Amino acid sequence: QERMPQTPPFAAMFDSSGYNRNLYQSKEDDCGGLYYHDNNLLSGSLEALIQHLVPNVDYYPDRTYIFTFLLSSRLFMHPYELMAKVCHLCIEQQRLSEPGLDKNRLRKIAPKILQLLTEWTETFPYDFRDERMMRNLKELAQRIASGDEMYRKNVQQLLQNLIRKLATVSQYEEVLAKINATSTDRLTVLKTKPQSIQRDIITVCNDPYTLAQQLTHIELERLSYIGPEEFVQAFVQKDPLDNDKSCYGDRKKTRHLQAYVEWFNRLSYLVATEICMPVKKKHRARVIEYFIDVARECFNIGNFNSLMAIISGMNMSSVSRLKKTWAKVKTAKFDILEHQMDPSSNFYNYRTALRGAAQRSLTAHSSREKIVIPFFSLLIKDIYFLNEGCANRLPNGHVNFEKFWELAKQVSEFMTWKQVEPNILYLLLIAALYLASYESESPENHIEKDRWKTLR
């Protein structure tokens, strides 16, 4: 493990100007299809950029370059095509296919190739849900392991970590599917027998601060499953230089990003439903004030996504038209929150608050202070406009790498935020599912009854 090149964590990857400077120019790249200005890599042919990704005995690409190129390359080619090219270059250039493989040479290059594969599998694991990717990965990894016994353990570890991560993702997707199915069933019950599940949110959780914390856990859980590539794949178009290739931004490639956007909408509708359900004005007013407290605590935590979902739910016309109800509400706290999330001047107030939360996160001592959950729809919109505002290719056919440094900077910031308390809520999702299950059909034995009590 000591032989592996070391790389900085995400937070240290990009400096304030967009990326680590003075790291990219090496003598062999002065004229090899890559264009630099003041030591900054600005553009290059696709082939030269692929070559720049592949390590050799004397060179290992910087982590900012690896992340940026793996993120953006999918706008030009499928990840499995890139993996095939990388494997081919590694095998050809390092003569890994030769029968009498030089062990000294292998010991100089193998840790670097393994490190590149480790970074790829850890940062973009969903790429390897494609069998062609997995086949290429295993072939190259096995070639290294068979050349020298000392790398067998590294290779096994890499593959085990990847398989474990993909299995966890599949479990999470199953849980999401079950929760979606359960909520549909509950909606049917609500329409046919509205009194049967009329337990309001305050009965379920009478403390707004606890609800804000639970919403934050759910947000962090769902965020943790969004792959960085989903931001780019959401906007994949046809590459103008490839007439045959159709866009491959199909739904599967962005499913976790879409599930997260759907979560925002469901939270908004939950808020509106809970406010509109009570028959009496004073009860409706109490629910509004409860959600104002939840929203305020979300703001204090740094959970801007739940905050905005709650405000959106309160601003739905079905809620805002309840003039007599609102007359009974103390709205001063709500007015402050609306001011913070005011869309005018391109969400200036929110962006200021987000920067403050991001700064607090950098110097935080507790995991609570580290939390930054951005208003997600606006983050996607910013990335969309960055993508639309600049061409992927320059007039000479070169890849516009300057654009992709900026894109990678935005996405890497998100990657840092989503790493707080990873997977904290897998159990909570399971718990929600069990609660729904016990309410549909009562617990049957003492174990189920005990569990139901605990969950409630």
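The values are calculated or read from the model by the stated rules, or taken from the named source; none is laboratory data. Not measured: the values here are computed from a predicted model. Cβ coordinates were reconstructed from backbone atoms using ideal geometry, including for glycine residues, and neighbour counts include every protein chain displayed. For accessibility, only protein heavy atoms count, side chains too; no ligands or nucleic acids. Shrake-Rupley method; radii C 1.70, N 1.55, O 1.52, S 1.80 Å.
The table below lists the values:
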quantity: Of K138/K253; K153/K409; K85/K153; K253/K381; K108/K165, those spanning more than 27 Å from alpha-carbon to alpha-carbon; calculated: K153/K409; K108/K165
quantity: Mean Cβ neighbour count within 10 Å, used as a protection proxy, ranking 404-413, 103-112 highest first; calculated: 404-413, 103-112
quantity: Inter-label distance for D293 and N349, nm, one decimal - labels placed 7 Å from Cα along Cα-to-Cβ; calculated: 2.3
quantity: Segment 267-341 - percent relative contact order, Cα under 8 Å, separation 6 or more; calculated: 42
quantity: Spin-label pair Q171/N104, simplified geometry with 7 Å Cα→Cβ offset, distance in nm; calculated: 4.8
quantity: F385 accessible area, assembled protein chains, probe 1.4 Å, Å²; calculated: 120
quantity: Mean Cβ count within 10 Å, highest first, over the residues of peptides 287-294, 148-155, 338-345; calculated: 287-294, 148-155, 338-345
quantity: Within the accessible area of segment 315-377 (1.4 Å probe), percent carbon and sulfur; calculated: 55
quantity: Accessible area expressed per residue, segment 37-163, with surrounding protein chains retained (probe 1.4 Å, Å²); calculated: 40
quantity: Alpha carbon centroid spacing (whole Å) that separates segment 252-276 from segment 367-386; calculated: 16
quantity: Rounded percent of accessible protein surface that carbon and sulfur make up, segment 37-163, 1.4 Å probe; calculated: 45
